[in-house]
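Nothing in this text is a laboratory measurement; each read-out follows from the coordinates by a stated rule. Note that the structure is predicted; figures quoted are calculated from it, not measured. Backbone-built Cβ (ideal geometry, glycine too); neighbour counts: all protein chains shown.
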Amino acid sequence: MSDCIFCKIVAGDIPCDKVYEDDLMIAIKDVAPAAPVHVLLIPKVHTENILTVDSKLCLHMLSKIKQIVDKLGIAEKGFRVVINTGDDGGQTVKHLHIHIIGGKVLGWPPC
């Protein structure tokens, strides 16, 4: 989509701080982090949310979490994985993205 910020990031039109990339997805540092480590996993193909994503792509993205948290150094102490969906769910960009949040003790409940 031409007006989607994540599509523009994937296309290289907007710079980002990548921590991982393959043929299907990228992982970038969040520009407004909620914790010392806050990374977004973004599929390269535009899909609005978790309800519309291809199951193989979703499985691929989830399968990369261990590799990414190992690289970021947060696997041992713990982290949170969040997928916001829809307006009431807090999804501000209508392009599926998975948050990995960690690097500190995270409170509960998360909202």
Could you grab the relative contact order for the range 1-60? Cα pairs under 8 Å, six or more apart, rounded to a whole percent.
-> 24 percent
Proximal charge balance of Ile28 [Cβ under 14 Å; K/R count +1, D/E count -1] = +1
Given a cut-off of under 8 Å on Cα pairs at least six residues apart, what relative contact order in percent is computed for the range 51-103?
-> 34 percent
For the range 21-38, Karplus couplings with θ = phi - 60° (6.51, -1.76, 1.60), whole Hz, Gly/Pro x | 7, 9, 5, 10, 7, 10, 10, 10, 6, 5, 6, 10, x, 8, 7, x, 10, 8
Please compute the net charge surrounding Ile101, taking Lys and Arg as +1 and Asp and Glu as -1 over other residues with Cβ under 15 Å from its Cβ.
-> +3
What value, in deg cm²/dmol to 500, does the helix sum -39500 (n - 2.57) over DSSP H runs of n ≥ 4 give at 222 nm once divided by the residues of the chain?
-> -6000 deg cm²/dmol
Mean separation of Cα pairs under 8 Å and 6+ residues apart, divided by the residue count of the chain: what relative contact order is that in percent?
-> 29 percent
The range 5-102: C-alpha gyration tensor shape, a/c 1.5 cut-off, then a/b vs b/c = rounded
